[in-house]
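Just below is one structure, and these are the notes that go with it.
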Amino acid sequence: MSDVVVGHRPSSRYGVWVFAAVALVAVVLGIVFSTRFGQDPDLVASPLIGQPAPDLELPFLESEGTLDLGDLRGDITVVNFWASWCTGCRIEHAGLLRAAEAFTDFDVRFVGILHQDQPGRGIRFLDELGRGEFLYVEDVGSRAGLEYGVLGLPETFFIDADGIIVGKISGPAPADLLVATVQRLILGEAIGTIKTGEVENRE
Amino acid sequence: MTPTARRMLSFGVMAAFLAVIVIALVPGDGPQTVDDRVREIASNIKCPACNGASIADAQSSVARDLLGVIRDQVEAGLSDADIYDYFVARYSEAALLSPPGRGWGLWLWVLPLAALALGVAVVLGRRRGGPGTAPSSAHAVSEALDAVTRDLADLDDQLRVGELDESTVRRLRATYEAEAAALEARLGDADAPSGESAGATTARSNRRVVAGAAVLGVAMIAVGLSVGLAIRDREPGGPITGDVVQSAAAAGVVSLEDVTNEEMEAVVAQFPDNVPMRRALARRYFFAGSLDRAFDHYMAVLDRERDAEALANVGWITYLGSDEVEIALSLVEQSLAVEPENPMAYWFLANIRLDGLDDPAGAIAPLERFLAYPDVPDELRREAESLLSRAEQAA
């Protein structure tokens, strides 16, 4: 019965075409999405880069009084968010202290903001690993973390002498990267968002 | 069930389905109490450190703090949009759990609806041309004919057992015979040796396939182009580890006037592998005439990276301080290979060729290049002009 074949072949070929087309679209979309649009999915651009640093008044961790971050305008400021429970913070601590000490003559301020942690634990962390030339303050109610769009710890922000946030390191800041970034800032070179590793979240 | 009833039923099901979707998408009355609004907003914002859970759902202390912030803002009378904007300004649009209705987010909203519309169109299209109204393929026609023939044969039995009365049987027989005649006529067409009908069907199917493939191709090109553009918009380049997203801000420069060379030396000694400060210090020494110190620091820079400034200036120091003219020339040329837009390298190159290698013709091009830079200091410009006329006379 040749007419059966005649009658059926086009429609089954049509089905194959539709199937092939759907499969092709699925594969193309798969490839497109697997490239993650050329971006590291863990990296979220900080919309704060290029924006003025928030004026925050935060209580000192180990003494009376508050630190007004707005008062630091005119100096390059490195703002580091940390906590005692964060292992990345432990890793980067020595490098931060070395950099802070080295750049005191260059009007570079280093501020450590204890985020999502109890002051007592933060102080014990500093007793163990040292304080250096840092100004340590406490993030009451996570307000500073919110203003800086902190996604995890540690995160380090660089603020230029005009009070503009010019760079951010997510994850532990390796001493060399930290120092090179501060040097570039001192010398007036542009920097941006740098990711060094995973940031940590507290459950 | 008659075809009409079946069609109406399927339309009804489809309409009900669409109605459910539309009702689900249309927002109801806004939440009334502060608690409701806080919860509503918090459930649309991703908690920044909670594995993708919303602020409303997450159990962490950050989520509790942020919930407090949202409550403060609701109580302060901010609109929902203001509060979402506040979070987006700090965490980027990634903070929103519903994609925004613009840019790429718009596609996420439009594509499922477009796919649904396409599916409905395809189903309706098939139904209209499908076997429900008239069998289209020869095979289906012959099957339908068999069925009608069977029904005709059954009529006699049904009359005999008294299932149907005679007038009904007569009416049905007329209907069935008409149907059978129509189907036979169609089957005759399909069986015709010329195969006109079958040929037409094949041609129509082929046209459909071509049209489908064309639509698909255009759609894929559109997707490919838009993806390509989206990727190209993110410009890499920038510091150290890549992954640079933006860096438009010009850094507020700190005055280094108050910083002594000794302080810079201390930093360089402490972080010997970091180039920027060392290069800045070497430049200081270079322009202050402390060429030995500049040389040492520039060499230390070159141990770590192929820096254009260091190559050019080491070349110049080599030319001034030794008889190694060829080495000096090579270093300056390497510098220009790394960075062709360094005016001083052209100045060094011209001097080395003119006086070091006695090659006035070779000095003309770099001198002209040097003089083309608008910000050459006047003193150097005058010197370069006199050098150029000397080179042109000698050449």
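Worth a mention:
- q = 0.24, 0.29, 0.31 Å⁻¹, the stretch B:136-191: log10 I(q)/I(0) [Debye, one scatterer per Cα]: -0.85, -1.06, -1.15
- For residues of B:272-281, the mean tally of beta carbons on other chains within 10 Å: 5
- Each Lys and Arg adds +1 at its Cβ and each Asp and Glu adds -1 at its Cβ; summed about the Cα centre, the stretch B:30-98 shows a dipole of about 220 debye.
- Per the Kirkwood formula applied to alpha carbons, the stretch A:46-150 shows a radius of gyration over Rh ratio, Rg over Rh, of 0.93.
- Database remark: amide H of A:Gly163 closer than 5 angstrom to the amide H of A:Gly74 (H placed geometrically; neighbours at sequence offset of 5 or more, or on other chains; Pro and chain starts carry no H).
- Interface A:B - total buried accessible surface [probe 1.4 Å, Å², rounded to 100]: 6000 Å²
- Per-residue mean of C-beta atoms belonging to partner chains within 10 Å, peptide A:138-148: 4
- Histogram of C-alpha separations across the stretch B:30-98, 10 Å bin width, %: 23, 60, 17
- Rg in Å to one decimal, and Dmax rounded to a whole Å, for the stretch B:261-394 via C-alpha atoms: 15.5, 52
- Amide hydrogen neighbours beyond the local backbone of A:Lys168, cut-off 5 Å, H modeled: A:Phe158, A:Gly192, A:Thr193, A:Ile194
- In Å², nearest 10: area of B:Ile221 left accessible to a 1.4 Å probe: 110 Å²
The values are calculated or read from the model by the stated rules, or taken from the named source; none is laboratory data. Keep in mind that what you see is a predicted model, and the values were worked out from it rather than measured. Note that each Cβ is placed from the backbone with ideal geometry, even for glycine, and that neighbours are counted across all protein chains shown. Heavy atoms of the whole protein, side chains included, go into the accessibility calculation; ligands, DNA and RNA do not. Shrake-Rupley method; radii C 1.70, N 1.55, O 1.52, S 1.80 Å.
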